[in-house]
Amino acid sequence: MLPDQKEKALAALKRLDGLSKKVHRMLDEDEHCPEILRNVLAMKGHLDHVQARILESHMKTCAPKKLASEKDQDTFVHELLKVIGLSTR
């Protein structure tokens, strides 16, 4: 993974850890549902950010090699479409 993308993904995961603990506490303490939902949506945003950083790094590092090889093109495209399909569920 590209170092700058890895750093950004790890930072987002760190924020995600903090939010996860906060949401857990909020649920335990029966806090107001819209406040909990706002934090859950923030968690989703951080996950989307991590996903984008990993995909960007993959496209910049692995894609050129795999697409240059006729043997690997179909497998690479199929793998990528499968992962993208999972992200839309």
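Evaluation of Asp30 against the conditions (1) in a helix (DSSP H, G or I); (2) at pLDDT 95 or above shows that the sole unmet condition is (1). Of the candidates Val83, Val23, the single residue that is at pLDDT 95 or above and out of contact with any Leu (no Cβ under 7 Å at 6 or more places or on another chain) is Val23. When Glu70 is tested against the conditions (1) farther than 15 Å from Ala12 by Cα; (2) surrounded by 12 or more Cβ atoms within 10 Å (Cβ to Cβ); (3) out of contact with any Cys (no Cβ under 9 Å at 6 or more places or on another chain), the lone failure is (2). Here Gly45 passes the criteria (1) exposed (fewer than 12 other Cβ atoms within 10 Å of the Cβ); (2) in a helix (DSSP H, G or I) except the one numbered (1). Of note, Glu35 does not satisfy the criterion of being within 29 Å of Gly85 (Cβ to Cβ) and of a type in the set (Asp, Glu). I'd like to know if the stretch 49-67 contains one or more residues that are loosely packed, with under 12 Cβ neighbours inside 10 Å and either touching a strand residue (DSSP E or B) at 6+ places or on another chain (Cβ under 6 Å) or of a type in the set (S, T, N, Q) (or both). For the stretch 49-67, residues loosely packed, with under 12 Cβ neighbours inside 10 Å and either touching a strand residue (DSSP E or B) at 6+ places or on another chain (Cβ under 6 Å) or of a type in the set (S, T, N, Q) (or both): absent. Across the stretch 4-42, the qualifying residues are those that are within 23 Å of Thr61 (Cβ to Cβ) and of a type in the set (A, V, I, L, M), and the one among them that is surrounded by the most Cβ atoms within 10 Å (Cβ to Cβ) is Ala9. Evaluate the following for Ser57: is it more than 17 Å from Leu2 (Cβ to Cβ) and among the small types (Gly, Ala, Ser)? In short, no. List every residue pair whose Cβ atoms lie under 6 Å apart, where the two residues are 6 or more positions apart in sequence or sit on different chains, the first residue falls within the stretch 77-89 and is closer than 24 Å to Lys65 by Cα and in contact (Cβ under 8 Å) with a residue 12 or more places away in the chain, and the second residue, located anywhere, is surrounded by 10 or more Cβ atoms within 10 Å (Cβ to Cβ) and of a type outside the set (Phe, Trp, Tyr). Correct list of pairs: empty, since none qualify.
The values are calculated or read from the model by the stated rules, or taken from the named source; none is laboratory data. Everything numeric in this text was worked out from a predicted model, so none of it was measured. Because the Cβ atoms are built from the backbone with ideal geometry, glycine has one as well, and the counts that use them run over all protein chains shown.
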